[in-house]
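Student: I have a structure here, written as structure tokens, and I will follow up with some questions on it.
The values are calculated or read from the model by the stated rules, or taken from the named source; none is laboratory data. Note that the structure is predicted; figures quoted are calculated from it, not measured. Methodologically, a virtual Cβ is constructed for each residue, glycine included, from the backbone with ideal geometry; neighbour enumeration extends over all protein chains shown.
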Amino acid sequence: MKIASLAEIKKELAYLNERELTDFIVELAKFTTDNKAFLFFKLFGRENPRLFIEMVQEELEMEFAKANTKHYHYAKKSAQAIRRKLNKNLKLTKDKTSQIELIIFFCKNLKLYGYLNFRHPVIDNLYKVQIGKAEKLISTLHEDLQYDFKSTLEDL
């Protein structure tokens, strides 16, 4: 079965009335929590742009708090799981400053909760990759924002 291109889908959606579009969107939101989260942030994020960042930070903070860091193996697995949640949430926003803030939040918490104290190569590499992602995103921003974020990144 061949799936139609995005352009073809867009053309077909143009023929639908408002009620049919609403039904399609609600049905799409029922498939996965990712779709539901995306719709939620698109709808309610217009009024409060910080809502997305605050909610994701709260979710990540809870994950860090309940993670098992007694042994390096469990700490590594926990850090990888939290990073997967971070990456899933980063896909929901196209705003680069939001993405940078969340990556920096993740890295700060890796340090704060003692993940880097294990000196495990997987955890260290995970940390370095996230710092690299943040640096790459920062380089695409305006110079004033670059300065602000670079100073924060240097602290890490």
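Student: Give the residue that is modelled with the lowest pLDDT, with candidates limited to residues of the range 27-52 that are more than 16 Å from ASN89 (Cα to Cα) and assigned to a loop (DSSP other than H, G, I, E, B).
Tutor: This residue is ARG46.
Student: Whether any residue in the range 54-72 is within 14 Å of LEU112 (Cα to Cα), touching a Phe, Trp or Tyr at 6+ places or on another chain (Cβ under 9 Å), part of a helix (DSSP H, G or I) and at pLDDT below 90 is what I want to check.
Tutor: No: the range 54-72 contains no residue that is within 14 Å of LEU112 (Cα to Cα), touching a Phe, Trp or Tyr at 6+ places or on another chain (Cβ under 9 Å), part of a helix (DSSP H, G or I) and at pLDDT below 90.
Student: Can you tell me which condition ILE103 does not meet? The list is (1) surrounded by fewer than 17 Cβ atoms within 10 Å (Cβ to Cβ); (2) closer than 22 Å to LYS42 by Cα; (3) touching a helix residue (DSSP H, G or I) at 6+ places or on another chain (Cβ under 6 Å), and all the others hold.
Tutor: (1)
Student: Moving on to the next point. Go through the range 112-131 and count every residue that is part of a helix (DSSP H, G or I), surrounded by 14 or more Cβ atoms within 10 Å (Cβ to Cβ) and of a type outside the set (Phe, Trp, Tyr).
Tutor: So the count comes out to 7.
Student: Quick one: LYS10 ticks every box in (1) in a loop (DSSP other than H, G, I, E, B); (2) farther than 22 Å from GLN130 by Cβ bar one, so which box is it?
Tutor: Answer for LYS10: the failing condition is (1).
Student: Confirm whether ASN68 is over 29 Å from ILE9 (Cβ atoms), exposed (fewer than 12 other Cβ atoms within 10 Å of the Cβ) and in contact with a helix residue (DSSP H, G or I) (Cβ under 7 Å, 6 or more places away or on another chain).
Tutor: Details: over 29 Å from ILE9 (Cβ atoms): yes; exposed (fewer than 12 other Cβ atoms within 10 Å of the Cβ): yes; in contact with a helix residue (DSSP H, G or I) (Cβ under 7 Å, 6 or more places away or on another chain): yes.
Taking the combined requirement at face value, the residue satisfies it.
Student: A further question follows. Do we have GLU18 as more than 30 Å from ASN117 (Cα to Cα) and not small (Gly, Ala, Ser) here?
Tutor: yes
Student: For the range 125-156, which residues satisfy the criterion of being over 17 Å from the mean Cα position of the chain (by Cα), among the hydrophobic types (A, V, I, L, M, F, W, C) and farther than 13 Å from LEU102 by Cα?
Tutor: LEU141, LEU145, LEU156
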